[in-house]
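Comments concern the structure below.
The values are calculated or read from the model by the stated rules, or taken from the named source; none is laboratory data. Quantities reported herein were computed from a predicted structural model and do not represent experimental measurements. Note: ideal-geometry Cβ built from the backbone for every residue, glycine included; neighbour counts use all protein chains shown.
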Amino acid sequence: MSTLTSNQRQLLHEVADGLLDIYQTLVRMQYLEPEWVHRGPHDLSAHQELYESLNLDVSIIYLYSIMPYVDAGRVTEIDFFQGSYFSDFRNKAEVEQGRHPMYGDDEDLLRPWMTPLCGLGNHYGMIVYDAASHGIAMCHQDGGPSSDQQMGATEQQLENGDPDEGYSSEGEDMWIEDDEEEENNDRNEWDEMEMRPAKSVLRNMVSWFEDLTELPGTGENSGYKQMWQADVIKLVYRKHGWPRADFDGHAFRVSQVRADADKSAREERDKILEEVRHLKLVKNCRRGPNTGWSHWQRQLDEAVNDDERWLARLHLYHVDQGQRNNCSRLADAEADLERLTPEPEEMLVLCTLPIVEAIGLDVSRNIRASRITLEKMRNESEEERHKFSPPGRLAYQEKHDAVCLKACQNCHFEANALSDEVRRKFVQNKWIRRDIDVKAAERAVERAEQNVIEIRGFF
């Protein structure tokens, strides 16, 4: 690294420090565990041969050795920013993939003095750092406009109002000589990226997380799988005072579990309401012009032989049976809705508790499974134990279990504040989903048996 000047090193440390500020912000937001963040410097001397084979610029090699990395150690799946994932250039495979950040053709290789700062998610964006200009670009896989919210803003709109912040007035950070660039005629898509000074972009990313313009997670790994849906967590962050210094991370996680369960409960209620609305419309147009009844009745009246008559009768039977089934489904849905919604607000508590309890049960099962695995492998080497139960997984699960337990306690407390009648329904609601499924199956069997009887009588 002796070819780097002190000013060039300083600029590279700006990138590493900026990334660390982002990761520490995500730790405060309860998205990352502190032990998942691994600060530099890192000894990457074993990768030197790989770096040379990829023709990496010395600036990028140095950056890889000082930048922080996030490694959840297979404890859980996480996303980084705008659906991307955390890159770890201590891993040789990720260094190699970093030359093809968009999984493109060989002619679209990333320049040796450039590197992605994240991994590409499924149809999401990419953050690319250009050491030659000390700039950062946010680009989309589909070639759309930059996802940098400040791109295109005026100088007054940019923080500090200085679009050239981070650039060296002496040009010392321009590690590619002008005459060398002029001779390089094989320009590719990476040369056309819209960039801003790296320090400004990284600082903006912190501020976007702080003002909730951007939210942690929300990608395909941590979104619906790990309760980080944007429409849920944004309100919960605001409820607990983010980004103030008194932000209570534990209380946030408890509310996050509850809010996720509330969302599921509302979705279940809305699904039943929509089914009732739809079935009522169907019932009101029974044997109307859109059901096919009139058409096949006319075909039956105009039939000239037995084949045409039997065909028309068969279709009439299907239309009639469909209407009967719809009426039966309507009765079932209205009954379910009545059980699930004694009152709109009370319904939310009734439906939320079993969902929260189910989340807690899943976590408890995972904890038991981890403990059983560790016990079975107590005589194995530490490396083998880590393959099946990574370090930190059990502690992470136990922490999440405590959060779920607190969320359940809060639900029970709310239930106990309701009337005796509602509390009775609250207890019964634990079995509602199972009862609905069982009774729906029983009614389906009864309808099938009745269909056999009716079809014989119909013909």
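Tabulated results
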{"quantity": "Scan of the range 66-102 for residues that are assigned to a helix (DSSP H, G or I) and either under 19 Å from Gln24 (Cβ atoms) or hydrophobic (A, V, I, L, M, F, W, C) (or both), ordered by number", "calculated": "Ile66, Ala93, Val95"}
{"quantity": "Matching entry among Leu4, Leu63, Leu11, Leu20 (being part of a loop (DSSP other than H, G, I, E, B) and aliphatic (A, V, I, L, M))", "calculated": "Leu4"}
{"quantity": "Filtered residue count, the range 384-421, keeping only those that are over 16 Å from Ala251 (Cβ atoms) and at pLDDT 65 or above", "calculated": "16"}
{"quantity": "Residues that are modelled with pLDDT of 90 or more, more than 16 Å from Leu32 (Cα to Cα), not assigned by TED's automatic domain parsing to the domain that holds His13 and not small (Gly, Ala, Ser), drawn from the range 203-253", "calculated": "Lys234, Leu235, Val236, Arg238, Lys239, His240, Arg244, Asp246"}
{"quantity": "Residue match in the range 7-24 (condition: under 28 Å from Gly241 (Cα atoms) and touching a strand residue (DSSP E or B) at 6+ places or on another chain (Cβ under 6 Å))", "calculated": "yes"}
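Residue-by-condition table, conditions (1) of a type in the set (Ser, Thr, Tyr); (2) not in a loop (DSSP other than H, G, I, E, B):
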{"position": "Tyr31", "(1), (2)": "yes, no"}
{"position": "Glu35", "(1), (2)": "no, yes"}
{"position": "Gly40", "(1), (2)": "no, no"}
{"position": "Leu50", "(1), (2)": "no, yes"}
